[in-house]
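Novice: Quick one: the structure is below, questions incoming.
The values are calculated or read from the model by the stated rules, or taken from the named source; none is laboratory data. It should be emphasised that the depicted structure is a prediction, and the values quoted were computed from it without experimental measurement. For neighbour counting, all protein chains shown are included, and Cβ atoms are generated from backbone atoms with ideal geometry for every residue, glycine included. Quick note on the areas: whole protein, heavy atoms, side chains included, nothing else; ligands and nucleic acids left out. Shrake-Rupley method; radii C 1.70, N 1.55, O 1.52, S 1.80 Å.
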Amino acid sequence: MKKVLTLALLATVMSAPALAGDPAAGKAKAAICAACHGADGIAVIPGYPNLKGQNEQYLVNSLKAYKNKERTGGMAMVMQPQASMLNDTDIVNVAAYFAQMK
């Protein structure tokens, strides 16, 4: 049974789509993010999250959740309109941009 679960988990992970964002395209789309999250991805407003070096998949999931109005707490009133201006490719690119920052 343990082997079956391991194989099922491995198959799920291997079939997950790989992120192939374009950080350069993401940089252009992320310019508006700098107002709150800083030009270097380090938040300029206390309590706002740093995006520099953040996990790419986490950023994709978060932006999509804001866009789909599934994330409603905290700064949702600010983030939902921002995320709604991004298509799925933009979201992956913005996530790639912040994730590659070191």
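Novice: Scan the range 85-102 for residues that are loosely packed, with under 12 Cβ neighbours inside 10 Å and either among the small types (Gly, Ala, Ser) or modelled with pLDDT of 95 or more (or both) and jot them down.
Specialist: Once the filter is applied, which keeps residues that are loosely packed, with under 12 Cβ neighbours inside 10 Å and either among the small types (Gly, Ala, Ser) or modelled with pLDDT of 95 or more (or both), the range 85-102 yields MET85, ASN87, ASP88.
Novice: Also: Quick one: what pairs do we get from the range 75-98, first residue closer than 18 Å to LYS52 by Cβ, second of a type in the set (Lys, Arg), C-beta under 7 Å, 6+ apart or different chains?
Specialist: Every condition considered, the pairs that remain are ILE91/LYS64; ASN93/LYS29; VAL94/LYS29; TYR97/LYS27; PHE98/LYS52.
Novice: Now for a separate question. Which of the residues that make up the range 50-78 are farther than 21 Å from ALA20 by Cβ and surrounded by 19 or more Cβ atoms within 10 Å (Cβ to Cβ)?
Specialist: Answer for the range 50-78, where residues must be farther than 21 Å from ALA20 by Cβ and surrounded by 19 or more Cβ atoms within 10 Å (Cβ to Cβ): just TYR66.
Novice: If we scan the range 30-47, do we find a residue that is within 13 Å of ASN87 (Cα to Cα), out of contact with any strand residue (DSSP E or B) (no Cβ under 6 Å at 6 or more places or on another chain), open to solvent by 70 Å² or more (accessible area, probe 1.4 Å) and not small (Gly, Ala, Ser)?
Specialist: No: zero hits.
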